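> Okay, handing you the structure first.
Here, each number is a calculation from the coordinates, and none is a lab measurement. In this text, all values refer to a predicted model and were calculated from it rather than measured experimentally. As a convention, Cβ positions derive from the backbone with ideal geometry for all residues, glycine included, and neighbour counts pool all protein chains shown.
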Amino acid sequence: MPELRYLRAVNMALADAMAEDPSVVLIGEDVSEAGGSFGASRGLKDRFGAARVLDTPISEAAIAGAAVGAAMSGLKPVIEIMFMDFTTLAMDALVNQAAKARFMFGGQISLPLVLRTPHGGGLGAGPQHSQCLEAWFAHVPGLKVVCPSDPASAYGLLRAAIADPDPVIVVEHKALYGMKAEAPATPPILPIGKAAIARDGRDLTIVSYGAAVRTALAAAEQLHGEGVEAEVVDLLSLQPWDEAAVLASLAKTHRLVVVHEAVEAFGVGAEIAARMADVGFDELDAPILRVGAPFMPTPFSKALEDQFIPSPARVVEAARRALA
């Protein structure tokens, strides 16, 4: 198969959705003339016109508020927030309006809004441009949250999000934008709520999502050299998440480590650990372990950021504890 770059996959998904459905519009800061802060919408204004690729003032609250109104009026807005940190400025429209609309109107209205936003560190962008806040949105009834890990899933999940009748948060790790991987010329649309097995194994389950899947796979390769076969489950979707897939893997390996770049405390890993300790208790041969970032802001310093972001070595250490 040919190679596909992650950022190109995002651009393809936007273009294909817009070509199929004239109600799909793009809204955000610099998404039109500049093609987005990372280039995801480059060329789309020339192809689809300024009426469908709209630059906005620097106001995340205005972007989200306008998108909610557009979605309730029959359009399918895809908004871009330059960094996930700045979704804090759009929380009322997203959490109190978009997420609640179907419930508040007794199921008589849908709100097909997609928010694309990059999270994560690795670029030395510091504490206000590197946060992983996906657990916030996964905690809100009415919102769906997906987090692609490679170019194929970036395409497939974004297409699924745009087609969904309810609001979806698409979280993209900015350190993956340059990633290349083999993919079909047109990757398949992926169902929201289904995980994938990134690597088969029998001794230990490592559950992860987004860029941390690469970390988990690197750790699994190192463990392979030690005679341990770790199974890596790529969640892909955080809300809803594929509890059945994780439980099936746990039933095979009987040990579980959950890995994410977000701060460990009160994170996605905590929810997975709690559920597996409940529904999967009889399958466990060791305590469930989590590997996440420490409870502090993301450092600017490259050396400190390297220590802050979970590494394959930390995952290997957790796996050895689970296997001991």
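> Among rounded, prolate and oblate, which fits the stretch 213-324 when a ≥ b ≥ c are the square roots of the eigenvalues of its C-alpha gyration tensor, a/c under 1.5 means rounded, and a/b larger than b/c means prolate?
Numbers: a/c = 1.93, a/b = 1.32, b/c = 1.46.
Oblate, since a/c reaches 1.5 and b/c is not below a/b.
> Each residue of the stretch 226-233 in turn: what ³J(HN,Hα) in whole Hz from Karplus with 6.51, -1.76, 1.60 and θ = phi - 60°, glycine and Pro shown as x?
Running phi through 6.51 cos²θ - 1.76 cosθ + 1.60 with θ = phi - 60° gives 9, x, 10, 9, 9, 8, 10, 9 Hz.
> Quick check on packing: order 211-217, 11-17, 192-198, 84-90 by the mean number of other C-beta atoms within 10 Å, highest mean leading.
Per-residue Cβ counts within 10 Å, averaged per peptide and sorted highest first, yield 211-217, 11-17, 84-90, 192-198.
> While we're here: Compute the Rg/Rh shape ratio of the chain: radius of gyration over Kirkwood radius, all on alpha-carbon atoms.
On the way: Rg = 19.4 Å, Rh = 20.0 Å.
With Rg and the Kirkwood Rh in hand, the quotient comes to 0.97.
> Can you give the local net charge around VAL53? Use residues other than it whose beta-carbon is closer than 13 angstrom to its beta-carbon, Lys and Arg +1, Asp and Glu -1.
-2
> Tabulate in residue order the Karplus-calculated ³J(HN,Hα) for the stretch 135-143, using 6.51 cos²θ - 1.76 cosθ + 1.60 with θ = phi - 60°, rounded to whole Hz; enter x for Gly and Pro.
For the stretch 135-143, the Karplus curve yields 5, 4, 6, 5, 7, 9, x, x, 10 Hz.
> Next question. What number comes out for the charge environment of ALA64, summing +1 per Lys or Arg and -1 per Asp or Glu over other residues with Cβ under 13 Å away?
In short, -3.
> Find the relative contact order for the stretch 196-323 and round it to a whole percent, using C-alpha pairs within less than 8 Å whose residues are 6+ positions apart.
Reported relative contact order: 28 percent.
> Quick one: helix 268-279 against the long Cα principal axis of the chain, what's the angle to the nearest 10°, folded into 0 to 90?
Computed tilt is about 60 degrees.
> Continuing with the same structure: For helix 212-224, report the angle its Cα long axis makes with the longest principal axis of the Cα atoms of the chain; keep it between 0 and 90° and round to the nearest 10°.
20
> To continue, here is another question. As I understand it, the value is the acute angle between the Cα axis of helix 60-72 and the longest principal axis of the Cα atoms of the chain; what does it come to in degrees, rounded to 10?
70
> Taking amide hydrogens as modeled 1.01 Å from N in the peptide plane, which residues meet the under 5 Å criterion relative to VAL207, leaving out close sequence neighbours?
VAL233, VAL257, VAL258, VAL259
> A follow-up question, please. Search the structure for amide H atoms under 5 Å from the amide H of ALA293, placed 1.01 Å from N in the peptide plane, and list their residues when 5 or more places away or on another chain.
ALA262, VAL263, GLU264
> Continuing with this model, one more query. If you take every residue apart from MET82 with its C-beta less than 12 Å away from the C-beta of MET82, what net charge results, scoring Lys and Arg +1 and Asp and Glu -1?
With Lys, Arg at +1 and Asp, Glu at -1, the net is -4.
> Given axes a ≥ b ≥ c from the Cα gyration tensor, I'd like to know whether the stretch 14-144 is rounded (a/c under 1.5), prolate (a/b larger than b/c) or oblate.
Note, shape of the stretch 14-144 comes out oblate.
> Nearest 500 deg cm²/dmol is fine: what mean residue ellipticity at 222 nm does the chain get from its DSSP H runs of n ≥ 4 alone, each adding -39,500 (n - 2.57), divided by its residue count?
Only helices count here, giving -10000 deg cm²/dmol.
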